[in-house]
1. Averaging the inverse of every distinct alpha carbon separation and then flipping it gives the Kirkwood radius. What is it for segment 354-481, in angstrom units?
2. What's the ranking of 468-475, 191-198, 108-115, 402-409 by average number of surrounding C-beta atoms within 10 Å, highest first?
3. State which helices in the chain qualify, where a helix is a whole DSSP H run, it must extend 20 Å or more along its own axis by its Cα atoms, and its mean Kyte-Doolittle hydropathy must be at least 0.5.
4. Please give the residues of segment 190-209, grouped as numeric ranges, whose backbone N is less than 18 Å from a label point set 7 Å along the Cα-to-Cβ vector of N253.
5. In the neighborhood of Q415, defined by Cβ-to-Cβ distances under 13 Å, what is the net charge if each Lys or Arg adds +1 and each Asp or Glu adds -1?
6. What shape does segment 278-398 take by its C-alpha gyration tensor, where a ≥ b ≥ c are the square roots of the eigenvalues and a/c under 1.5 counts as rounded, a/b above b/c as prolate, and the rest as oblate?
7. Take the cross-link list K75/K225; K75/K127; K92/K171; K29/K123; K127/K171; K235/K278 and give me the ones stretching past 26 Å between alpha-carbons.
8. With a sphere of radius 12 Å drawn around the Cβ of E499, what net charge do the other residues whose Cβ falls strictly inside it have (Lys, Arg +1; Asp, Glu -1)?
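What follows is calculated from the coordinates using simple rules that are stated; it is not laboratory data. The model shown is predicted, which means the values in this text are computed figures rather than measured ones. Counting neighbours? That spans all protein chains shown, and the Cβs are built from the backbone with ideal geometry, glycine included.
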Amino acid sequence: MVYNVPIVLALVGFAAILYRISRIGRRPKDYPPGPPTNAVFGNLLQMPTKDVHLQLEKWFRIYGPIYSLMIGSGKVMIILSGNTEVKELLDKRASATNDRSDRYIGHEILSYGERILLQPYGKVWQKQRKMYHKLLSISLTQSYMPYIELENKKMNYDILMNPDHFLRHTKRYTNSLTMMMTYGRRTPQYDDPEMREYLEILEKTTSIIQSSAANLPDAYPIFRKLPKWLLPGVKTAVEHTKREEAFYLRLWNEVKERLADGTQKPCFTVQILREQAKEGFNDRFGAYISGGSLEAGTDTTSNTILAFIQAMVLFPDVQEKAQEELDRVLGDRVPSMSDWEHLPYVRGCIKETLRWSPTTTLIVPHATFNDEMYHGYRIPKSAEIVVNAWAVNNNPNIYEDPRRFNPARFQNDAQSSFEASQNPDVSKRDHFTFGAGRRICAGIHLADLTLFLGISRLLWGFRTTPATNKATGQPILPDPLLRSPGLVSMPVPFPARFEPRSPEKAEKIKRLWNEARQLLDDEMQWKVIPEELKFYL
């Protein structure tokens, strides 16, 4: 028989190509286990479009606390759902798992690669992180107590006067506090144009990062070879980046102007401008550091307070116990930060809220610098390591009856969130909502302050109960599993009733705000620099 050599070679080559294509998306035998894969797609088609954390939790029950997902041809995801696995891989091996995966549209194109949240390890990330640690150190954070106190009094007053809009009031509280600490300007009202513009920008940024178009060239890197004008999602990312950059540069330049005319109040951006004078980085780099602080602080705290309110609606016995402790320990005195050690059940309410309803259901993925071995499994170089904070926080092997809101589980835990995260005994870690390793949330100290004052004073001043369905007369009970999509998650909005616990407490809430109001001018901005912050300028 005579063979046509060119045809044979072509067939062999074609078969080799088909074989290579068929291997795309397959899981190597030495990887952690995971759901069955499909050729070319891997596990991509099995990923849901919403509530990803719940699907990952289901796979945890099947494959255990460490498993792998194959996403297209270019991404391996290692999912962690156990505290021991997180401690070992992200804390103890932090030097090996401190990177971020390469996001082409979501980071390189969007925001010019300036966003610290997605910044790969390197000199840029080190410089950004160093500044955040300096700005958000525990000592400097505590010096901002005058700002925190005033915004807290305003939130409680707003809820007293207009309780139906409690969601807006909590959003304004955290946005105003973050704006004040970042730029030295308050957000007086929820409908403030600057706040509305910022929330629109943040929502669009999040939607781009999570979009299918942005994730396509990460799952299949070959698409990066296309001209940018052909790649879906690039045009949207470029156009949005221009708007985002203009917004952050405007806020940045306004601080410069107020510094020049002597009206600027102490804030993070003042410190960043001083660093700029020393190191010479450009305005855009500095503006995105300031903007990153605003992004990190606005939603996380307000969403946690909203989750706490939801828990009080669903678990009235917890509210009663917490208020009994407040009355017994404080009498009629308003809680302050000095009461942290003396209110174990209230303190437990905060820890339990962060565990029960994490604002970050999935921690932004870390990435490995090189191959890592764990319990006989190979974790490949550049693999994404994803902590399913929802699954860890609700792991029945760690927390008994995890969907029960039970602050008593932390009754003897007086650690701050940071102290718990650094405890070498992983069983003493209260939750994983703030992440782990060297990428742990830099605002962890500030979160403890704002949440303790926010939650303890809501308990002190108000009785929170379910709203009533006017048609049926039945209480409206929210479903705690229903959550909004996004990098930062929150319970789906729900109604609730707020009533002052007594006429005396209502009057005190009014009086405290009226006294605080005297510190503000006609534009509802601070008249003078608080004594605690005069060192800043």
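1. Working: mean 1/r = 0.0572 Å⁻¹.
Kirkwood radius, segment 354-481: 17.5 Å.
2. On the way: 468-475: 9.4, 191-198: 14.8, 108-115: 20.0, 402-409: 16.9.
Per-residue Cβ counts within 10 Å, averaged per peptide and sorted highest first, yield 108-115, 402-409, 191-198, 468-475.
3. Numbers: long enough: 5-23 (27 Å, 1.72); 145-161 (24 Å, -0.42); 166-183 (25 Å, -0.54); 193-209 (24 Å, -0.26); 234-261 (40 Å, -0.87); 283-314 (47 Å, 0.43); 316-330 (21 Å, -1.11); 444-461 (25 Å, 1.22); 503-517 (21 Å, -1.69).
Passing helices, by number: 5-23, 444-461.
4. Label zone hits: 194, 198.
5. Numbers: positive: R347, K351, K428, R429; negative: E341, D413, E419, D425, D430, D448.
For residues surrounding Q415, the net value is -2.
6. Numbers: a/c = 2.79, a/b = 1.48, b/c = 1.89.
In terms of gyration-tensor shape, oblate.
7. Values: K75/K225 17 Å; K75/K127 28 Å; K92/K171 36 Å; K29/K123 36 Å; K127/K171 30 Å; K235/K278 36 Å.
The answer is K75/K127; K92/K171; K29/K123; K127/K171; K235/K278.
8. Numbers: positive: R463, R497, R501, K505; negative: none.
In short, +4.
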